[in-house]
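Notes for the one structure printed next.
The values are calculated or read from the model by the stated rules, or taken from the named source; none is laboratory data. Computed from a predicted structure; not experimentally measured. Positions of Cβ are backbone-derived with ideal geometry, glycine not excepted, and every protein chain shown enters the neighbour counts. With ligands, DNA and RNA removed, areas are computed over all heavy atoms of the protein, side chains included. Shrake-Rupley method; radii C 1.70, N 1.55, O 1.52, S 1.80 Å.
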Amino acid sequence: MKLTEAQYKAVYNEGNVLVEAGAGSGKTTLFVDRYLRLLKQNKDMSPSNILALTFTNKAASECLHRIYQKLISEAQTSPHLKSLLPQLHSAPITTFHGFCKKLLQDYSFQLNISPLATVLSDDESSFLAKKAIFNFIQKALK
């Protein structure tokens, strides 16, 4: 796939990148290309050094799958990339929520929260928001 000017800038940007675009616009391809470029250009970097976040579990899974496929393909000609294949299983390719959940679990004792804490479901979140609004209105009316 030929990259557009904006996609090229995102792949070859030296800093952090946030990409938001519509379905079918090439976000996953860009994600994979950038990820592999980082591994190719930085021989000391491993997949565990790259935090790759998506908005959905499906997107994270698809990105990991495509990265793995490309790594296998390119590993035939690159011993460096071949050595990274076993490390890919522990790469932090996840959702924003998944990453935050891991941080809360990893630092639960410092934060004085339970390491078993979980992220609220949409239904739980909606229920609590409605309850808070109801309580606020009740207090305001008094």
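Quick one: pull the percent of accessible area on the chain belonging to carbon and sulfur, 1.4 Å probe, ligands and nucleic acids left out.
Details: 6020 of 10400 Å².
After summing per-atom areas, the C and S share lands at 58 percent.
Name the long-range amide H neighbours of Thr95: under 5 Å, sequence gap of 5 or more, or other chain; modelled H, no Pro or chain starts.
Thr54
When 1/r is averaged over all different Cα pairs and the result inverted, which Kirkwood radius in Å belongs to the chain?
17.9
Distance cut-off 26 Å, Cα to Cα: go down the list Lys27/Lys131; Lys58/Lys131; Lys2/Lys70; Lys9/Lys40; Lys2/Lys40 and report the pairs above it.
Among Lys27/Lys131; Lys58/Lys131; Lys2/Lys70; Lys9/Lys40; Lys2/Lys40, the Cα-Cα distance tops 26 Å for Lys27/Lys131; Lys58/Lys131.
Going through the range 16-124, which chymotrypsin sites (Phe, Trp or Tyr not before Pro) have at most 14 other Cβ atoms within 10 Å and a DSSP loop state? It would help to have the intermediate numbers written out before the result.
Numbers: sites: Phe31, Tyr35, Phe55, Tyr68, Phe96, Phe99, Tyr107, Phe109; in loops: Phe55, Tyr107.
Passing sites in the range 16-124 are Phe55, Tyr107.
Mind checking the log10 I(q)/I(0) for the range 85-142 at q = 0.13, 0.16, 0.21 Å⁻¹? Debye, one equal scatterer per Cα, no solvent, two decimals.
-0.57, -0.73, -0.90
Within the chain, which is the longest segment that contains none of the GluC sites (Glu not before Pro) sitting in a DSSP loop with at most 13 other Cβ atoms within 10 Å?
Numbers: sites that count: Glu14, Glu20.
Counting only loop sites that pass the neighbour cut-off, the longest clear stretch is 21-142.
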